[in-house]
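In what follows, a single structure is set out as structure tokens and then discussed.
Throughout, read-outs are computed from the coordinates displayed, never taken from laboratory work. The shown structure was predicted, so the numbers you read here are calculated from the model rather than taken from an experiment. Note: ideal-geometry Cβ built from the backbone for every residue, glycine included; neighbour counts use all protein chains shown.
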Amino acid sequence: MDTLVSAFLVGLVGVFCMLDSRLLGRLNFEQPLIGATLVGVVLGDVPTGLAVGAAVELISMGLVSVGAAVPPDMVLGGIVASAFACLTGASAETAMTIAIPVAVLGQLLGVVFRSIIVFLGHIADGAIEEGHFKRAYRMHIVWGTVLYSLMYFLPIFVAVYAGTDVVQAVVNMIPDWLTNGLNVASKILTAYGLALLLSMMINKGMTVFLILGFMLASYLGLSVIAVSIFGGILALILMGFKFAGGQLATAGAADPDYDPLEDDDE
Amino acid sequence: MATTKDVSLRKKIWQFFWRSWAIQDSWNYERQMNMGFLYGMVPTLDRCYPDESDPHQLERKKEAYRRHMAFYNCTPQTSAFVLGLSASMEESYAKDPASLDPDSINAVKTSLMGPLSGIGDSFFQGTIRVIAFGLGVQLAQQGSILGPILAMVISIIPSVLITWFAAKLGYQGGHQYLQKLQSGNMMDKVMYVCGIVGLMAVGGMIATLIGATTPATFSEGTLVIQDILDSIMPQMIPLALTGIMYWLIKRGVKTGWLLVIAIVGGIVLSALGVLA
């Protein structure tokens, strides 16, 4: 396939994934697994797309976009890595080494674009004062869409169109110690992502459930879905105990905040 | 004042539905989803103040548009509730300006933002996404296209259902329903169940997804460290790595530094033959 056409198609996959969180409330099309697989579909190499998608998804698993924090853009990284693996026949592991620098680059670009959009808000303020209501909300639905689309389309198109040979040459120069090192780094990044997720989730006295989930999977070898199902059942059982004292508390129990499941630390 | 044009309830709810999904379209560092919220209110406000040639109505319309340009940030799916509720408040304010204090509209929005994004993010990002993609990756690693498909199905169904009912409840039940949720501590129960399932799933993922091991051996290869570790507790290294990263995050180490630590640390530990 023509490189220009490939670059354009992969760019469009990027726009689709980005607009998922912009226009569809984040249905999760904007995930590395989906983006990389779709690249595999448009470039006609689904197995490679799946392999790269699974590898990048693992790294990004715990990175959640909350408030103003922008995590490294693993979706962008996954899309570009998948395109390179499909176009050059590189292995998923090699493509991964491209995904990480591209993801960091994408993070920087995201910061720039999200700052530019601040100005759209001020244009909208002005438009409302003048009574141009349509112009005000077009800043959101038209210009927001355009800017966020470009934020993904431009770097992907340029990287795929100009970069296949260049990136291939660079990849060939990468020594083994670096490839192995980045492989370990990707495992530590997964640990970081999960730790980041935990830092938002862990409340007082809830750590035991994390440990329980880990033990079920490590000693008993259960899958994540099995652990989740057991978690749901356990939560429903415990809820009966935890919230049973509701009437007592309103009747003036000594300590309405008493929680038998809570540790006393922190 | 007979200024309000009537549109079917169904149409209104679909408008809240689509527009709450589009709420992040102009997300920015300053007021975050402010323009997104305004966009969600546009059909309601335009119905309330249809006559721009009337200077009095025009002024009130400007005031309402300005009101919804305030800072806003909340999970898109649960935002449908806030959009519906705000729309019902705007409608009663437009009909009878004495019925409520317009400042209370933004006060309600602000007070709902915190709890609803807390529930929304932990449910969609912390629970649904984790389960959907934990399962999806396992299948994709075996080369099955069902992986991404299943992940999307698991993601889309709760998203559609919750957005739809949030919009309906917000617009119709609004105020009283929220009080009911809070008084019957339903909010606490939902958070409690989501917390346990999410944490256990993450625990399981630490054991199944990281997969870091040590190639180190002693006594010329007769003593394999990994075998000893496995006999004590399998997946001990991933647990330790997660613990260290968690500790660094809690110490307030900046994201940029943590990424440097992870990448440089990985290369160094691999070169030294400590981790693989």
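Can you tell me the equivalent ellipsoid semi-axes for chain B? Use √(5λ) from the Cα gyration tensor, largest first, whole Å.
Values: eigenvalues 516, 74, 56 Å².
Rounded to whole Å, the semi-axes are 51, 19, 17.
Calculate the dipole size of chain B relative to its Cα centre from +1 charges on Lys and Arg beta carbons and -1 charges on Asp and Glu beta carbons; express the result in debye to the nearest 20.
Values: 21 positive and 19 negative charges, 67 e Å.
About 320 debye.
Within straight cross-link reach of B:LYS11, meaning Cα distance under 16 Å, which lysines are found once same-chain residues fewer than 8 apart are removed?
Cα-Cα hits under 16 Å: B:LYS168.
So the label point goes 7 Å from the Cα of A:ILE123 along Cα→C-beta, right? Which residues of the range B:47-85 then have their backbone N under 19 Å from it?
Taking a point 7 Å out along Cα→Cβ of A:ILE123, the residues of the range B:47-85 whose backbone N falls under 19 Å are B:66, B:69-70.
Taking the Cα centre of chain B as the origin and placing charges on Cβ (Lys, Arg +1; Asp, Glu -1), which of B:VAL190, B:GLY84, B:ILE154 is farthest toward the positive end of the dipole?
With unit charges placed on the Cβ atoms, the residue in question is B:GLY84.
Starting from the Cα of A:LYS134, draw a straight line to each of the lysines and keep only those under 20 Å, dropping any in the same chain fewer than 8 residues away.
B:LYS5, B:LYS12, B:LYS61, B:LYS62
Rounded to whole Å, give me the distance from the Cα center of the range B:40-90 to that of the range A:1-27.
Between the Cα centres of the range B:40-90 and the range A:1-27 lies a distance of 32 Å.
Is the C-alpha gyration tensor of the protein assembly as shown telling us rounded, prolate or oblate? Criteria: a/c under 1.5 is rounded; beyond that, a/b larger than b/c is prolate, otherwise oblate.
On the way: a/c = 2.39, a/b = 1.35, b/c = 1.77.
Note, shape of the protein assembly as shown comes out oblate.
Which of the lysines could a cross-linker span from B:LYS250 if the Cα-Cα distance has to be under 25 Å and same-chain partners fewer than 8 positions apart are dropped?
A:LYS187, A:LYS204
Please average, across the residues of B:95-107, the number of beta carbons from any other chain that are within 10 Å of each residue's own beta carbon, and give a whole number.
On the way: counts 0, 0, 0, 0, 0, 0, 0, 0, 0, 0, 0, 0, 0.
Per residue, the number of nearby Cβ atoms from other chains is 0 on average.
Please list 3J(HN,Hα) in residue order for the range B:161-166, calculated via the Karplus relation 6.51 cos²θ - 1.76 cosθ + 1.60 where θ = phi - 60°; whole Hz, with x for glycine and proline.
4, 5, 4, 4, 5, 4
Between B:GLU63 and B:THR217, with labels modelled 7 Å along Cα→Cβ, what's the label distance in nm to one decimal, could you check?
Each label point is offset 7 Å from its Cα along the Cβ direction, giving 8.1 nm.
Taking the inverse of the average 1/r across all pairs of different Cα atoms in the range B:9-111, what Kirkwood radius in Å do you get? All intermediate terms of the calculation are to be shown ahead of the outcome.
Numbers: mean 1/r = 0.0728 Å⁻¹.
About 13.7 Å, per the Kirkwood formula over Cα pairs.
For the range A:3-201, build the convex hull from the C-alpha positions and give me its volume per residue in Å³.
Numbers: hull volume 23.6 nm³, N = 199.
Spread over its residues, the Cα hull of the range A:3-201 gives 119 Å³ apiece.
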